[in-house]
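Participant: What follows is a structure written as structure tokens; I'll ask about it next.
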Amino acid sequence: MAVLLFLVVLLTVQGYLMEPSGRTDFRFLEHLLLPVAAVAGVVLLPEQLGNRARLTHKAMLAGLAVVYVIAQWIGFEVYPEKFGLFSNLHFLALYCVLTLPILFYFSVVHGGGLRWLFILAAIGDALLLLKTQSRPGFLALMAGSFAMLPFLPARYRWTAFAAILIVPGVLYISGIYGFDARVDDLFGNLLKEERVAIWTETAEMQRASSPRQWVFGHGFGQFYQDYQGYSSFHPVVDFSFPHNFLLELLYSHGLVGLILIISAYGLFFAALVVHTLNARDSVRKQAGILLVVVTTVHLVHAFLTLPFFSRSTLYPLSLLLGAGFRFFKSNRLNG
């Protein structure tokens, strides 16, 4: 927690100091400090609520994941102009890819009627994701599935690997919710894809930076101001971030900020892997695998669709960090 707080304070101070306009936008302060409070809150949660042994973290997480799926399908019926209860398809896709591994986990560890409830909820969640037609969402889910493979027993590894490849093939052949058209469009127009153009123009803009800006960045919010002069999309829409964490962090916080955040991400993910491999029992190992998968899908999806210094990215990440820290502490206490 001390290291996390130090990192957040450093990035916050650097982001405001490097703003050339001198304006004060406290939005970024909120987006960085509130997630730290959320991490602390998750770490300090009691093991269960009151004396009711069934009201544990797992039970609440399972219930919330099921409620999420039901609420989004109701949202599609009540607000047909929206994406479930969201105004943006990428927000719906983000929470679909975050909850799908959780629902899959509970469908594996539970038996009887509860297992069928979680299986049905997982199917409903997958259909929601397909309904969004979010290609970053599909890529994130595949990345999370591949991240799970090294932790599986050898006898299941090839079966799981085949399933990861077969399922998209079946979806493509079925054409459900235009899955085939979205794949064809991606590979048929890859070099013309919106993100490729934004990345190319952002790289051109970055090359114009001074040595000081290469090292320390341009500050919070400056990308939006500077990019419109390079953007080929400016007559239609003004993008406020490059849809790429690496380019975004390099522009806002320079090489210093980029290296710090990559190091922090890498250390957290490495700790998840080590603690999962060293888990003493199957329950802890399963929890560790779930954290690895969900952290992977969050990173891949948010990397391609969201600004790094936004609530949409950092609030879910804060819950993952809090859960990860609890996992580390629990493993240490239990040998």
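The values are calculated or read from the model by the stated rules, or taken from the named source; none is laboratory data. All values derive from a computational prediction rather than experimental measurement. Note that we place each Cβ from the backbone using ideal geometry, even for glycine, and neighbour counts take in every protein chain shown. Areas reflect the complete protein model, heavy atoms only, side chains present, ligands, DNA and RNA absent. Shrake-Rupley method; radii C 1.70, N 1.55, O 1.52, S 1.80 Å.
Every residue, every condition in (1) farther than 27 Å from Val39 by Cβ; (2) open to solvent by 60 Å² or more (accessible area, probe 1.4 Å), yes or no:
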position	(1), (2)
Arg212	yes, yes
Phe223	no, no
Tyr227	yes, no
Tyr251	no, no
Gly254	no, no
Arg284	no, no
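Participant: Oh, and also: Mind listing just one residue for me: the one in the stretch 143-158 that is hydrophobic (A, V, I, L, M, F, W, C) and farther than 11 Å from His301 by Cβ and, of those, nearest to the chain's Cα centre (by Cα)? Step through it out loud before you land on a result.
Facilitator: Step one: filter the stretch 143-158 for residues hydrophobic (A, V, I, L, M, F, W, C), giving 143, 146-149, 151-152, 154, 158.
Narrowing further to those that are farther than 11 Å from His301 by Cβ: 146-149, 151-152, 154, 158.
Numbers: Phe146: 16, Ala147: 14, Met148: 16, Leu149: 19, Phe151: 21, Leu152: 23, Ala154: 28, Trp158: 26 Å.
Checked the stretch 143-158; the qualifying residue nearest to the chain's Cα centre (by Cα) is Ala147.
Participant: Could you go through the stretch 188-200 and let me know if any residue there is among the aromatic types (Phe, Trp, Tyr), buried (at least 17 other Cβ atoms within 10 Å of the Cβ) and modelled with pLDDT of 90 or more. Before you say what the answer is, go through the steps one by one.
Facilitator: Within the stretch 188-200, the first condition is being among the aromatic types (Phe, Trp, Tyr), and the residues that meet it are 199.
Right, trim to buried (at least 17 other Cβ atoms within 10 Å of the Cβ) and you get none.
Within the stretch 188-200 (the criterion being among the aromatic types (Phe, Trp, Tyr), buried (at least 17 other Cβ atoms within 10 Å of the Cβ) and modelled with pLDDT of 90 or more), the answer is no, since none of the residues qualifies.
Participant: Hey, another quick one. What are the pairs with Cβ atoms under 6 angstrom where one residue, in the stretch 140-161, is assigned to a loop (DSSP other than H, G, I, E, B) and the other, located anywhere, is among the hydrophobic types (A, V, I, L, M, F, W, C)? Sequence gap at least six, or different chains.
Facilitator: That search, which allows pairs on different chains as well, returns Leu152/Ala160.
Participant: Considering each residue of the stretch 295-308, count those that are assigned to a helix (DSSP H, G or I), hydrophobic (A, V, I, L, M, F, W, C) and open to solvent by less than 10 Å² (accessible area, probe 1.4 Å), and give that number.
Facilitator: Filtering the stretch 295-308 down to residues assigned to a helix (DSSP H, G or I) leaves 295-305.
Remaining after also requiring hydrophobic (A, V, I, L, M, F, W, C): 297, 299-300, 302-304.
Subsequent filtering for residues that are open to solvent by less than 10 Å² (accessible area, probe 1.4 Å) retains 297, 302.
Of the residues in that region, 2 qualify.
Participant: Then there is this: Report, by residue number, each residue of the stretch 55-109 that is closer than 15 Å to Ser312 by Cβ and in a helix (DSSP H, G or I).
Facilitator: Hits for the stretch 55-109 are Leu89, His90, Phe91, Leu92, Ala93, Leu94, Tyr95, Cys96, Val97, Leu98.
Participant: Now, a different point. It is to be established whether one or more residues within the stretch 314-331 are within 17 Å of Leu98 (Cβ to Cβ), assigned to a helix (DSSP H, G or I), touching a Lys or Arg at 6+ places or on another chain (Cβ under 9 Å) and without any contact (Cβ under 8 Å) to a residue 60 or more places away in the chain.
Facilitator: Taking the stretch 314-331 first, the residues within 17 Å of Leu98 (Cβ to Cβ) are 314-324, 327.
Cutting the leftovers down to assigned to a helix (DSSP H, G or I) gives us 314-324, 327.
Adding the requirement that they be touching a Lys or Arg at 6+ places or on another chain (Cβ under 9 Å) leaves 327.
So of that shortlist, the ones also without any contact (Cβ under 8 Å) to a residue 60 or more places away in the chain come out as 327.
Yes, the conditions are met somewhere in the stretch 314-331.
Participant: So which residues in the stretch 93-122 are within 11 Å of Val69 (Cβ to Cβ) and either open to solvent by less than 60 Å² (accessible area, probe 1.4 Å) or in contact (Cβ under 8 Å) with a residue 12 or more places away in the chain (or both), if there are any at all?
Facilitator: Listed by number, the residues that qualify are Tyr95, Cys96, Thr99, Leu100, Ile102, Leu103, Leu117, Phe118, Ala121, Ala122.
Participant: Sort through Leu34, Leu44 and tell me the only one that's under 28 Å from Val3 (Cβ atoms), in contact (Cβ under 8 Å) with a residue 12 or more places away in the chain and open to solvent by 50 Å² or more (accessible area, probe 1.4 Å).
Facilitator: On the way: Leu44 fails: in contact (Cβ under 8 Å) with a residue 12 or more places away in the chain.
It is Leu34.
Participant: Identify all residues within the stretch 11-27 that are open to solvent by less than 80 Å² (accessible area, probe 1.4 Å), modelled with pLDDT under 90 and within 17 Å of Leu314 (Cβ to Cβ); write none if there are none.
Facilitator: Selection gives Asp25 alone.
Participant: Looking only at the stretch 42-58, decide whether some residue is within 18 Å of the chain's Cα centre (by Cα) and either over 24 Å from Gly254 (Cα atoms) or of a type in the set (Gly, Ala, Ser) (or both). Spell out the reasoning first.
Facilitator: Pass one, the stretch 42-58, residues within 18 Å of the chain's Cα centre (by Cα): 42.
Now restrict to residues that are either over 24 Å from Gly254 (Cα atoms) or of a type in the set (Gly, Ala, Ser) (or both): 42.
Yes, that holds for at least one residue.
Participant: Would you mind telling me which numbered condition in (1) in contact (Cβ under 8 Å) with a residue 60 or more places away in the chain; (2) open to solvent by less than 70 Å² (accessible area, probe 1.4 Å) Phe216 fails?
Facilitator: (2)
Participant: For the stretch 126-138, indicate whether the set of residues that are under 25 Å from Val273 (Cα atoms), hydrophobic (A, V, I, L, M, F, W, C) and either at pLDDT below 95 or open to solvent by less than 60 Å² (accessible area, probe 1.4 Å) (or both) is non-empty. Steps first, answer last, please.
Facilitator: Within the stretch 126-138, the subset under 25 Å from Val273 (Cα atoms) is 136-138.
Checking which are hydrophobic (A, V, I, L, M, F, W, C) leaves us with 138.
Retained after the next criterion (residues that are either at pLDDT below 95 or open to solvent by less than 60 Å² (accessible area, probe 1.4 Å) (or both)): 138.
For the stretch 126-138, residues under 25 Å from Val273 (Cα atoms), hydrophobic (A, V, I, L, M, F, W, C) and either at pLDDT below 95 or open to solvent by less than 60 Å² (accessible area, probe 1.4 Å) (or both): present.
Participant: Just one of the numbered conditions (1) within 23 Å of the chain's Cα centre (by Cα); (2) surrounded by fewer than 16 Cβ atoms within 10 Å (Cβ to Cβ); (3) not in a helix (DSSP H, G or I) is not true of Arg280; which one?
Facilitator: The number of the failed condition is (1).
Participant: Still on this structure, please answer the following. Select from the stretch 229-249 the residues that are within 22 Å of the chain's Cα centre (by Cα) and surrounded by fewer than 16 Cβ atoms within 10 Å (Cβ to Cβ) and write down the one among them that is modelled with the lowest pLDDT. Before you say what the answer is, go through the steps one by one.
Facilitator: Within the stretch 229-249, the first condition is being within 22 Å of the chain's Cα centre (by Cα), and the residues that meet it are 239-249.
Still in the list and also surrounded by fewer than 16 Cβ atoms within 10 Å (Cβ to Cβ): 240, 246.
Details: Ser240: 86, Leu246: 97.
Among residues in the stretch 229-249 that are within 22 Å of the chain's Cα centre (by Cα) and surrounded by fewer than 16 Cβ atoms within 10 Å (Cβ to Cβ), the one modelled with the lowest pLDDT is Ser240.
Participant: Within the stretch 153-175, track down each residue that is closer than 18 Å to Pro136 by Cβ and open to solvent by less than 60 Å² (accessible area, probe 1.4 Å).
Facilitator: Here is the first cut: in the stretch 153-175, the residues closer than 18 Å to Pro136 by Cβ are 164, 167-168, 171-172.
Ile164, Pro168, Leu171 - these are the residues of the stretch 153-175 that are closer than 18 Å to Pro136 by Cβ and open to solvent by less than 60 Å² (accessible area, probe 1.4 Å).
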